[in-house]
Amino acid sequence: MGKKKSMKEMSFLDHLEELRWLLIRSTIAILAGGCVAYYYSDFIFDSVIFGPKDGNFVTYRFFCELAQKYDLDQSFCMTELPFELQNRTMEGQFAMLIWTSITVGFILAFPFILWELWKFISPALYEKEKRNARYFIFVSSLLFFLGVMFGYFVITPLSINFLANLTISKFVVNSIDIQSYIGLVKSTSLSTGLVFELPIVIYFLSRLGIVSPSFLRTYRKYAYVIILIIAAIVTPPDVISQMIVTIPLVILYELSIFISKFVVKKQELKNT
């Protein structure tokens, strides 16, 4: 009895040890990616982070051409956005340099982190599922990077344009703190990247029996309402702009329903 208990404790401790090394290796990968980002910090800040601040940013040009072609709202047709950035703390720019480098490091290291996570959970999987590791890493990484790009090229510039042009009075001038601006760019891009992982999350939740296709269908209308609200907030008041934001998110949700249905059906076939 005591021997069995000891073996269980060792097994649990072994899992904790493996988790500890997972976190250590992932942290090292993020820091390595952060060093690369630090080396290219001039390009990352001038061309990437501050890109949506430029009135000639690719997204603004696209929406401007779209608006001119279909005679829609032309608020994106501008040469510059009506705000300036400022740093109001002594260590502000240094802190932004370090944390932005770490954020970029996390994005670069994301496939490696997934690989480490897969190695951690693989002992609980079937042999066939273990062989699908490469597909899991590829699909998850692809969805994440697509989400980051969608957040950066679509959601971020739309949000910046909306917030920069929103005024409560002519006496208020927009002098935006650099931490607020960079925080918006980072949080929007990262959160959208994680939202695009929804099909992967639904896959595992469906395998565990926590989520079912009927559950997702039941709450579909609520999900659509939330998506439409988000699209209405970050886009100008025209249908085409709102659809550009709405359609990918709707496709993502419908894909999640299909994946959940596939998983549940496969499990039912195994049980028969």
Open item on the list: Along the charge dipole of the chain, pointing to its positive end and built from +1/-1 on Cβ of Lys, Arg, Asp and Glu, which listed residue (THR246, LEU163, VAL48) has its Cα farthest out?
Closed with: THR246
- [ ] Find the accessible area per residue for the chain; the probe is 1.4 Å, ligands and nucleic acids are left out, and the unit is Å².
- [x] 63 Å²
Open item on the list: Just to compare against my own numbers: the Cα pair-distance distribution for segment 126-238, 5 Å bins, whole % per bin, please.
Closed with: 2, 10, 13, 17, 17, 14, 10, 7, 5, 3, 1, 1, 0, 0
Open item on the list: Helix check for the chain. Which DSSP H runs span at least 30 Å along their own axis by Cα, with a mean Kyte-Doolittle hydropathy no less than 1.0?
Closed with: 92-121
Task: Sites excluded, trypsin sites (Lys or Arg not before Pro) in DSSP loops with at most 15 other C-beta within 10 Å, longest stretch of the chain - done: 171-272
- [ ] For n ≥ 4 DSSP H runs only, could you compute -39500 (n - 2.57) per run for the chain, divide by its residues and tell me the 222 nm figure to the nearest 500?
- [x] -24500 deg cm²/dmol
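Given a 1.4 Å probe and every protein chain left where it sits, what share in percent of the accessible area of segment 112-220 is carbon and sulfur?
Carbon and sulfur: 69 percent of the exposed surface of segment 112-220.
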Open item on the list: I want to verify a result. In a Gaussian network model of the chain, Cα cutoff 10 Å, which of these has the top mean-square fluctuation: GLN179, GLN93, GLN242?
Closed with: GLN93
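The values are calculated or read from the model by the stated rules, or taken from the named source; none is laboratory data. Quantities reported herein were computed from a predicted structural model and do not represent experimental measurements. Here Cβ is always computed from backbone atoms with ideal geometry, including for glycine, and neighbour counts include all displayed protein chains. Accessible surface areas use protein heavy atoms only, side chains included; no ligands, DNA or RNA. Shrake-Rupley method; radii C 1.70, N 1.55, O 1.52, S 1.80 Å.
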